[in-house]
Amino acid sequence: MTKLPQTMQGVVLTGHGGLERLQWRDDLPVPQPGPGEVLIRVGASAVNNTDINTRTGWYSKSVRGDTASGASGGHGAAADKDGSWTNSPLAFPRIQGADCCGRIVAVGQGVSVERVGQRVLVRAVQAPDGPGLRIATFGSEQDGGFAEFTVAADHDAVAVRSGWSDVELASFPCAFSTAEGMIQRSGLGAERVLITGASGGVGSAAIQLARRRGATVTALTSPSKADALRALDAHTILDRDEPVPQRAFDLVLDLVGGPRWPELLDGLRDGGRYATAGAIAGPIVELDLRTLYLRDLSLFGCTHQPPNVFTDLVGYIEAQEIRPVVAAVYPLRDLAAAQEAFLTKSHVGKIGIAVA
């Protein structure tokens with residue numbers, strides 16, 4: 001077995017706040033895999049809303065604005081109490097990076113040594129042992145992919161056989177599993193679906209995954225991104241400044257929220273379904289309960305993912321049923337610049353981070 005270094009390079013988050021909280025280090029200790037764990041040499045990661053939202057503390061119940069509202073300076077001391085996905089305090093310093101593609105270089109007790117050398121994707125949204133719909137997010141509740149090495153549970157490091165590059169494969173875990181989780185939870189079939197925030201990582205993933213199921217896709221986006229979304233096989237492009245057609249959809253997959261949220265329910269047929277896994281335009285919305293019960297609508301909040309969601313996704317990758325959409329690639333050292341570019345929302349798909 002190749003001798004591993006004692007230290008590694010990476011970016012650590014030193015606390016909730018602005019970009020100054022991202023610190024480049026070249027003296028981080030290489031983690032050691034414990035029982036049931038594997039050590040991964042990271043090839044690539046990618047930028048996600050959750051990385052930025054965790055940095056700024058946007059998940060805190062004290063925050064009522066959109067996801068860009070604290071991007072430059074964070075949301076203050078209140079976020080220290082409940083600024084994570086689980087609304088619990090985070091431990092700092094933390095190596096973020098919800099996405100990870102790499103190769104296993106060492107295994108802990110109880111893991112087959114035959115896993116060494118396997119190329120893997122790490123499950124972004126994990127389910128710790130225990131009652132209820134508990135979650136742990138890679139790069140939030142544990143160190144993630146923004147470093148040369150990382151540790152994951154054996155069952156969360158899923159082998160992948162693909163000709164895509166590490167950066168291309170790293171675009172899949174967080175965004176595509178979020179979209180697939182929404183689709184499986186809401187039971188999408190060959191139906192009419194509206195996807196908001198359709199140019200982002202999750203939205204563009206949802207287009208591909210919905211089309212895979214035979215759905216008729218309407219993508220809500222800005223006109224400048226229309227051609228790129230048509231190339232992903234969206235049937236119809238709806239300008240985000242246009243009104244949402246009323247009673248036109250069987251399902252809405254929403255990543256935006258914000259003040260126009262009631263229009264999305266108006267866009268559903270009677271008996272329609274609404275699923276959300278994001279609120280980039282703002283988390284506080286107005287709901288007329290009469291709309292909900294008189295029209296027999298169903299609402300789904302989608303975060304927890306059954307184990308099959310991620311393994312299904314890897315199967316789609318290996319069968320070439322979906323493809324990566326990478327808008328730009330930055331070296332890990334330039335993570336802050338990558339996040340700044342991400343926040344302009346001028347791209348389609350994902351911004352990759354080359355680690356190796």
Self-check item: Scattering curve values for the stretch 192-254, log₁₀ I(q)/I(0), Debye with Cα scatterers, q = 0.14, 0.20 Å⁻¹
Solution: -0.31, -0.64
Self-check item: Hydrodynamic radius by Kirkwood, which averages 1/r over all alpha carbon pairs of the chain, in angstrom
Solution: 20.5 Å
Quiz prompt | For VAL30, distant residues with modelled amide H under 5 Å away | solution = THR7, MET8
Quiz item: At ASP27 and GLU286, where each label point lies 7 Å from the Cα along Cα→Cβ, what is the point-to-point distance in nanometres?
Solution: 5.6 nm
Quiz item: So how tilted is helix 173-186 from the main axis of the chain? Cα-based, degrees 0 to 90, rounded to 10.
Solution: 40 degrees
Practice problem: Please list, in chain and number order, the residues 5+ apart from SER222 or on another chain whose amide H is under 5 Å from its amide H, with Hs placed from the backbone. | Solution: ARG240
Quiz prompt | TYR330 long-range amide H proximity, modeled H, under 5 Å | solution = GLY352, ILE353, ALA354
Quiz item: If one computes the Cα centroid of the stretch 203-246 and of the stretch 285-356, what distance in Å separates the two points?
Solution: 14 Å
Quiz prompt | Selected from GLN246, GLN96, GLN142 as most flexible by GNM, with the chain as the system and alpha-carbon contacts under 10 Å | solution = GLN246
Quiz prompt | Hypothetical label at SER69: residues of the stretch 1-38 whose amide nitrogen lies under 16 Å (7 Å Cα-Cβ projection) | solution = 17
Quiz item: Given Cα pairs under 8 Å that are at least 6 residues apart, what percent is the relative contact order of the chain?
Solution: 19 percent
Exercise. For VAL113 and ARG295, compute 0.36 nm times the residue count separating them, minus their Cα-Cα distance, and round to one decimal in nm.
Key: 59.9 nm
Practice problem: Once you have all Cα-Cα distances for the stretch 45-140, histogram them in 10 Å bins from zero and send the whole-percent values. | Solution: 15, 37, 30, 14, 5
Self-check item: Relative packing of peptides 193-204, 251-262, 312-323 - highest average C-beta neighbours within 10 Å first
Solution: 193-204, 251-262, 312-323
Quiz item: How far apart, in nm, are two points set 7 Å out from the Cα along the Cα-to-Cβ line at ASP227 and at GLN246?
Solution: 3.6 nm
Self-check item: Whole-Hz couplings from phi, Karplus 6.51/-1.76/1.60, listed for the stretch 43-56; x for Gly and Pro
Solution: x, 7, 9, 7, 8, 10, 3, 5, 4, 6, 5, 5, 4, 7
Quiz item: If you place +1 on the Cβ of every Lys and Arg, -1 on the Cβ of every Asp and Glu, and leave all else neutral, what size is the dipole of the stretch 3-122 about its Cα centre, to the nearest 20 Debye?
Solution: 140 debye
Self-check item: Counted charge near ARG192, where neighbours are those whose Cβ lies closer than 13 Å (Asp, Glu -1; Lys, Arg +1)
Solution: +3
Quiz prompt | Helical mean residue ellipticity (222 nm; -39500 (n - 2.57) per DSSP H run of 4+; nearest 500) of the chain | solution = -6000 deg cm²/dmol
Self-check item: FRET E, pair THR7, GLU318, Förster distance 30 Å, beta-carbon r, rounded to 0.05
Solution: 0.30
Quiz item: Taking the alpha carbon gyration tensor of the stretch 247-356, what are the square roots of 5 times its eigenvalues, largest first, to the nearest whole Å?
Solution: 33, 20, 12
Exercise. Would you mind counting up the charge near LEU265? Only other residues with Cβ under 14 Å from its Cβ, with Lys and Arg at +1 and Asp and Glu at -1.
Key: -2
Quiz item: Any idea what angle helix 201-212 forms with the longest principal axis of the chain, computed on alpha-carbon atoms, 0 to 90 degrees, nearest 10?
Solution: 70 degrees
Exercise. State, to one decimal in nm, how far the label point of ALA328 lies from the label point of LYS81, with both points 7 Å from Cα in the Cβ direction.
Key: 3.7 nm
Quiz item: Based on the Kirkwood radius over alpha-carbon pairs, what value in µm²/s does the Stokes-Einstein equation return for the translational diffusion coefficient of the stretch 88-197 at 25 °C and 0.890 mPa s?
Solution: 157 µm²/s
Exercise. Please give the net charge around PRO173, taking every other residue with its beta carbon less than 9 angstrom from that of PRO173, where Lys and Arg add +1 and Asp and Glu add -1.
Key: 0
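Just so you know, all these numbers are worked out from the coordinates, no wet-lab data involved. Remember, predicted model here, so these are calculated numbers, not experimental data. Reconstructed Cβ throughout: ideal geometry from the backbone, glycine too, with neighbour counts over all protein chains shown.
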